[in-house]
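What follows is calculated from the coordinates using simple rules that are stated; it is not laboratory data. Because the structure is a prediction, the values reported are computed rather than measured. No Cβ is skipped: glycine too gets one built from the backbone with ideal geometry, and neighbour counts run over all protein chains shown.
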Amino acid sequence: MAGATQNISNSVLNSMNGTGAGRDSRGAAGELQDSFMTLLVTQLKNQDPMNPMENAEMTSQLAQINTVSGIQELNTRLGEINDQIDAGKALQATALIGRGVLVAGDRVLVGEEGATTPFGVELEEAVDNVVVTITDGSGQVVRRFELGALDAGVESFVWDGKLEDDTLAPEGAYTVSMTATSDDEPVDVTTLNYALVNGVKMGTDGLPRLDLGGISDPVTLDDVRQIL
């Protein structure tokens, strides 16, 4: 009857991987258990009295069906957790409407009386110095200054809006770039710019996207490096 034992296992696995795929996971698990028990009882009734099923065989098959049912239940629970996480992200995204954030970018805006939007830097390691260079629309350098030593992570800063000659910069958009060094060796640095969250839209992947009002393409929550 060893062949019959193998047939039961194959039938159970085939029902899990085939026709049961489109059914509710809990219902499929229950039907799978019922089918297994029916087959097992039938096998016990029709087994060879001279060569009955070993206890180890029965235990092994019961362990298989319990494992399959446990995996299906686990998948259901993980799906529910993922749904809750996605819902939490959407709620978190709507809470950012009207708030300022730092995302990857290189734009700084100058308004009245030298008021400027913040900018930031993201470093993967500590550095000895960071040099900031600000250029106008024509690519002309209008200001350069040092931030000094910084630790790894994200930091935000504000330009005082003054040019090299200590006069206020005209209103408009400027470009900020940064270089970092450690032990006189260059270090990778990510420049961040300020953006205002105007709204939230859902992406094709079902995740929320932040509408930054044209400063950049809509971004995900993972793209936000700091909330201001």
Sorted peptide list for 114-120, 176-182, criterion being average Cβ within 10 angstrom, highest first: 114-120, 176-182
Quick one: if the Förster radius is 45 Å, what FRET efficiency do T181 and A95 give, using the C-beta to C-beta distance and rounding to 0.05? 0.75
Each label point is 7 Å from the Cα along the Cα-to-Cβ direction; what then is the distance between the points at D205 and T167, in nm? 4.8
Loop-resident sites, the stretch 122-192, for GluC sites (Glu not before Pro), counting at most 15 other Cβ within 10 Å (DSSP): E124, E125, E164, E171
